[in-house]
Amino acid sequence: MIRLQIALCLMLLILTGCGSDGVAPPSPETRSDGRQRYLALGDSYTIGEAVVPRLRFPVQLANLLATRGKPVDDPVIIARTGWTTSELIAAVEADPPEGEFALVTLLIGVNDQYRGRDAEEYREDFREMLQKAISFASGSPARVVVVSIPDWGLMPYAEGRDRGAIAAEIDRFNQVAREEAERAGARWVDITTFSRSVSHHEPMIASDGLHP
């Protein structure tokens, strides 16, 4: 999934340079050694289910940023396998991350889709979660990257299921997330198309047959 990480890295390099209007956002909190802080919010895709910690995408992304002269601290990851958007909201409300972050990524919604939630119900929760993500990013939406939901329906785990229906539902959920991200002024990265192109490449699929 290295191309995915590069795509995210390039987007985050844009974030560290300017806001959506071309004006540099307020300076975020940094560590004493000058490293900026990165917060990753999500579910199994963010925590890296069935992969070793160094292969979690936030960890890979932090390493890529460092190689491009944009060092960040070890990412703060708030994510758990199985979390819906409302469960992520509850988690950050119960134990909010401390301080402000230069960069925030948000990838959430696959479990809402998997559990059969209505996309408009998801919209309400996603909008609330996105506002929380923006607040963690010094109130700057341009420092928030919303990542699309990969298409798990093409993974071996989904054998025997209606793959077309899963794809259509994921597209609808991604449409909602993209609309809300653009409305709020956050950045959007589409990894769904890429996930569909690698679903049959065994080296890119975790041992559970579900996660990249």
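A few remarks follow.
- What region 36-182 shows is 41 Å² of accessible area per residue, with the surface traced by a 1.4 Å probe over protein heavy atoms.
- With only Cα atoms counted, region 46-95 has Rg and Dmax values of 12.9, 36 Å.
- Positive-end residue of 146, 129, 81, charge dipole of region 26-161 with Cβ unit charges: 146
- Counting every alpha-carbon pair across region 68-108, the share separated by more than 16 Å comes to 44%.
- Tail fraction, Cα-Cα pairs, region 89-199, threshold 24 Å, whole percent: 28 percent
The values are calculated or read from the model by the stated rules, or taken from the named source; none is laboratory data. Being a predicted model, the structure only gives us computed values, none of them experimental. All Cβ positions, even for glycine, are placed from backbone atoms using ideal geometry, and neighbour counts span all protein chains on display. These area figures cover heavy atoms from the full protein model, side chains too; ligands, DNA and RNA do not enter into them. Shrake-Rupley method; radii C 1.70, N 1.55, O 1.52, S 1.80 Å.
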